[in-house]
Number of protein chains: 2
Amino acid sequence: MRTLTVDLGDRSYPIYIGNGIRQNKELFDDAIHGKQVMIVTNDTIAPLYLDAMVAMLSVDYKVDTCILPDGEVYKTLETYGSIMTALLEAKHNRTTTIIALGGGVVGDMAGYAAATYQRGVPFIQVPTTLLSQVDSSVGGKTGVNHPLGKNMIGAFYQPQAVIIDTETLSSLPSRELSAGMAEVIKYGLICDAPFFDWLEQEMPDLMSLDNDKISDAIYRSCVAKANVVAQDEREGGIRAILNLGHTFGHAIETEMGYGNWLHGEAVAAGSVLAVDLSWRMGNLTDQDVERSINLFEAANLPVLPPVNMTLDSFIERMALDKKVLDGNLRLVLLDSLGDAIVTSDFPMESFNDCILDALEASKSVSSS
Amino acid sequence: MRTLTVDLGDRSYPIYIGNGIRQNKELFDDAIHGKQVMIVTNDTIAPLYLDAMVAMLSVDYKVDTCILPDGEVYKTLETYGSIMTALLEAKHNRTTTIIALGGGVVGDMAGYAAATYQRGVPFIQVPTTLLSQVDSSVGGKTGVNHPLGKNMIGAFYQPQAVIIDTETLSSLPSRELSAGMAEVIKYGLICDAPFFDWLEQEMPDLMSLDNDKISDAIYRSCVAKANVVAQDEREGGIRAILNLGHTFGHAIETEMGYGNWLHGEAVAAGSVLAVDLSWRMGNLTDQDVERSINLFEAANLPVLPPVNMTLDSFIERMALDKKVLDGNLRLVLLDSLGDAIVTSDFPMESFNDCILDALEASKSVSSS
């Protein structure tokens, strides 16, 4: 088992990474302070892992469960309200601990419920997808979507611990494995060029879930994320680099309807747009762009936006993004491969061309 | 104008108290950092004060408004969702500032919206009722009700400033003035015996809104609250004393349906129950009890619970209260007049007798 710490003063917490550790009770005991536990999961994960976790924890705690419908379309205020109802019906008080057992949607909603149930109770992340293991379970972003925008409602709220069981990846559909790999590749692009090189070498083994290598990739991703979050918990500055490809990506997700494109897929296509714009600004070489596209493709990820989007739909959706400050669209771009910057200083013409060329390419692929 | 500071490190903020200061633009300028402002108010307050505030702020900011239906029954996740929709439809970004113009319900909901819109934006409290001026606008408690319990959903989130305009009290219905006075009296009971004495002398002038005296009472209440909150922002300990009468009171409010008993009315009747239980435990004299009852009555407040409640309904409602820790009912009681304690160490028999006798008294009053 590997352990690292997210260093946030009195809100610091450990991340554990290991095979089968979802059944390591001591890790949970360290993070649970009261007698009540509410496990929040979804109807895909529940049949796989819930009974064993309930059995393990029931020895020492009053354990209740809340099983949500699976899917990003259910990441809403209504579903969040249903977690609150479950907590109240089972008479949980403010010493309860919420465990998020599932992917990013479960983690975001259970975390938001923890942040706001009786004005805040402790919670533990047990992420079961690669995406949530390397990204959403670390750093304290919690929340739900609004019909007018993704993650528009939420809170910064840190867990007591993150328990990453790599064994759960064996049950993950391959499309979701790819989606998670988009965020792994992102860390290479924004802050770790040697990791990017390593990923180019190891992607075939990673995609076939070589256990040591996937643990390495998760550990290195979490170190990168923890390092950025420790510098800027509430995204006042450098944390924004974690959003490489996300502003473009959110536009794609929103336009297509939540859940039709997976988050990681939208981030992959969005990251390629950001890489392309960085190249247009002279920051990257032709080879950098090619290597980036090849690596996303090696992880079976889309590298072009949906064919039915338009320049206008991108601009309209991006204007609502949280990264827009006082009307200025700020983007995460690359200064070089492995080094990101956040800037609103880019030529609008390049921005437009970048999207228009990508849409053109998407059209020719789809008609061929 | 009087000013005091709630001392919470980098979350410290000023409270201003004065006549007509809702139109003092400089106070707002100091607290607004971006260019967008969303004023959240309700349909009772909007006709009185909204246009003037919009006119004042529109000089320098893009001002939008969100007018909620008035009343505790609308303090729900649904109404909260409508504030989020208003913010998104008007394209507010994370540099927006939310202004809560209204009573406690508006302040709690606008504050909760501020705490969670795009994971947190600044907000300013402009409380227009006595209750919100002396209590809910100070200290950072925000949230909404759930059908199964009051204030069960929310966050601790501090405002940038609290701007208390005593002039707004002139439009306040007398029943609401009384309700606010319940919290003022509470400060005397829990931590300021000389203030309690002063209130006994000045209650007639306070009820007729003598401007200097009401400013004194608000100032002294805010000092008491700020002092407690500075010691214990997230209610891990001493802050709980602010809940004198509230555990009983929440049971009354929930049982009667939100809004039928005003919060302050329930707190008054609940405080008398807490005073009575403290007397049964030998902490208070007969005279202390009599003085307490007389002071609440001088403010036209109820001192007995609703006639249709039962011991069981109290116990059932109180078991869900946030103040219940691991199944132990903890209550705020008085150690002496002007000194509160939080304890779960009281004889259940005294607790039961206290409620049963009060219900008996309520019955005989109602049948007489």
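Could we say that residue A:289 is at pLDDT 95 or above, touching a Leu at 6+ places or on another chain (Cβ under 8 Å), assigned to a helix (DSSP H, G or I) and away from chain B (no Cβ under 14 Å) here?
no
Given the structure, is residue A:96 facing another protein chain (nearest Cβ under 10 Å) and more than 21 Å from the chain's Cα centre (by Cα)?
yes
Any residue in segment B:237-256 that is crowded, with 23+ Cβ neighbours inside 10 Å and not in a helix (DSSP H, G or I)?
Checked against the condition, which is being crowded, with 23+ Cβ neighbours inside 10 Å and not in a helix (DSSP H, G or I), segment B:237-256 yields at least one hit.
In the list A:189, A:169, A:148, which residue meets the criterion of being within 11 Å of chain B (Cβ to nearest Cβ), in contact (Cβ under 8 Å) with a residue 40 or more places away in the chain and not hydroxyl-bearing (Ser, Thr, Tyr)?
Of the residues listed, the single one that is within 11 Å of chain B (Cβ to nearest Cβ), in contact (Cβ under 8 Å) with a residue 40 or more places away in the chain and not hydroxyl-bearing (Ser, Thr, Tyr) is A:148.
If we scan segment B:164-177, do we find a residue that is small (Gly, Ala, Ser) and closer than 25 Å to residue A:145 by Cα?
Within segment B:164-177, none of the residues are small (Gly, Ala, Ser) and closer than 25 Å to residue A:145 by Cα.
Cβ-Cβ below 8 Å, separation at least six or inter-chain, first residue in segment B:277-295 and free of Cβ contacts under 8 Å to residues at least 60 places away in the same chain, second exposed (fewer than 13 other Cβ atoms within 10 Å of the Cβ) and in a loop (DSSP other than H, G, I, E, B): which pairs?
Between residues of segment B:277-295 that are free of Cβ contacts under 8 Å to residues at least 60 places away in the same chain and residues that are exposed (fewer than 13 other Cβ atoms within 10 Å of the Cβ) and in a loop (DSSP other than H, G, I, E, B), the close pairs are B:279/B:285.
Restricting to segment B:67-93, name every residue that is more than 9 Å from chain A (Cβ to nearest Cβ), free of Cβ contacts under 8 Å to residues at least 40 places away in the same chain and over 22 Å from the mean Cα position of the chain (by Cα).
B:82
Condition first: within 14 Å of another protein chain (Cβ to nearest Cβ), acidic (Asp, Glu) and over 18 Å from the mean Cα position of the chain (by Cα). Can you find one or more residues in segment A:106-114 that meet it?
Scanning segment A:106-114 turns up no residue that is within 14 Å of another protein chain (Cβ to nearest Cβ), acidic (Asp, Glu) and over 18 Å from the mean Cα position of the chain (by Cα).
Restricting to segment A:1-52, what's the tally of residues that are surrounded by 16 or more Cβ atoms within 10 Å (Cβ to Cβ), free of Cβ contacts under 8 Å to residues at least 60 places away in the same chain and in contact with a helix residue (DSSP H, G or I) (Cβ under 8 Å, 6 or more places away or on another chain)?
0
Within segment B:162-233, considering only helices (runs of 4 or more DSSP H) that don't extend past its boundaries, which have at least 1 residues that are in contact with a strand residue (DSSP E or B) (Cβ under 6 Å, 6 or more places away or on another chain) and at pLDDT 95 or above?
Ranges flagged: B:174-191, B:211-231.
Yes or no: residue B:270 of a type outside the set (Phe, Trp, Tyr), in contact (Cβ under 8 Å) with a residue 24 or more places away in the chain and under 20 Å from residue B:288 (Cβ atoms)?
The answer is yes for residue B:270.
Pull up segment B:22-42, narrow it to residues that are charged (D, E, K, R) and closer than 18 Å to residue B:95 by Cα, then point me to the one that is farthest from the other protein chains (Cβ to nearest Cβ).
Checked segment B:22-42; the qualifying residue farthest from the other protein chains (Cβ to nearest Cβ) is B:30.
Of the residues A:40, A:73, which single one is at pLDDT below 95, β-branched (Val, Ile, Thr) and closer than 30 Å to residue B:78 by Cβ?
A:73 is the lone residue from the list that is at pLDDT below 95, β-branched (Val, Ile, Thr) and closer than 30 Å to residue B:78 by Cβ.
The values are calculated or read from the model by the stated rules, or taken from the named source; none is laboratory data. The shown structure was predicted, so the numbers you read here are calculated from the model rather than taken from an experiment. Heads up, the Cβs are rebuilt from the backbone with ideal geometry, glycines too, and the neighbour counts pull from every protein chain shown.
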